[in-house]
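A short worksheet on the structure shown next.
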Amino acid sequence: PHHLEQPDHGMADPGIIGGQLLLWRVVNAAPYIEVPVFRGTSGSDCEEFIRAVYAFAFEKDRAKDDEWIATYAATRLSGKALRWYARQDKAVKLDWSALQVALLDQYPPSDDDDDDDDAIQPNAEP
């Protein structure tokens, strides 16, 4: 949550003191998270979309509210992804856990996607 902090100068409204304009500052403001529009182009874009939606929900203190997240995510769909979403059951549309699984199933990684899972292999042979 963000809040404005006003410098304490012992006055109710310190707008201008000694000819200087005092500015309010935002305290504990998280960086703005921009969620890209997902158009259903690739599995890696789908994964980035899901990550960005989670980050946005966390920023808004809604990370545990599956219905809110799913409803918000729908506002960031377009093209093939929006057409696919429109055909989903209400149970998927209102449950972020179910929606992200459905998205990942619909838009799996392709051979052209960067596969970060191959980058770390703890028990790989030299």
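The values are calculated or read from the model by the stated rules, or taken from the named source; none is laboratory data. Note that the coordinates shown come from a computational prediction; the quantities given were computed from them, not determined experimentally. Positions of Cβ are generated from backbone atoms using ideal geometry, with glycine treated the same way; all protein chains shown enter the neighbour counts. With ligands, DNA and RNA removed, areas are computed over all heavy atoms of the protein, side chains included. Shrake-Rupley method; radii C 1.70, N 1.55, O 1.52, S 1.80 Å.
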Over the heavy atoms of ARG39, what accessible area does a 1.4 Å probe trace out, to the nearest 10 Å²? 130
What FRET efficiency, computed as 1/(1 + (r/R0)^6) with R0 = 35 Å and r the Cβ-Cβ distance, is obtained for ALA91 and GLU34, rounded to the nearest 0.05? 0.75
Dimensionless Rg ratio for region 34-73, taking C-alpha atoms and the 2.2 N^0.38 Å reference: 1.13
Over region 56-105, with the other protein chains present, what is the accessible area per residue in square angstrom, probe 1.4 angstrom? 61
If the chain between LYS80 and SER42 were fully stretched, how many nm would it gain, using 0.36 nm times the residue separation less the Cα-Cα distance? 12.6 nm
Taking only Cα atoms of region 51-106, radius of gyration then Dmax in Å: 10.6, 30
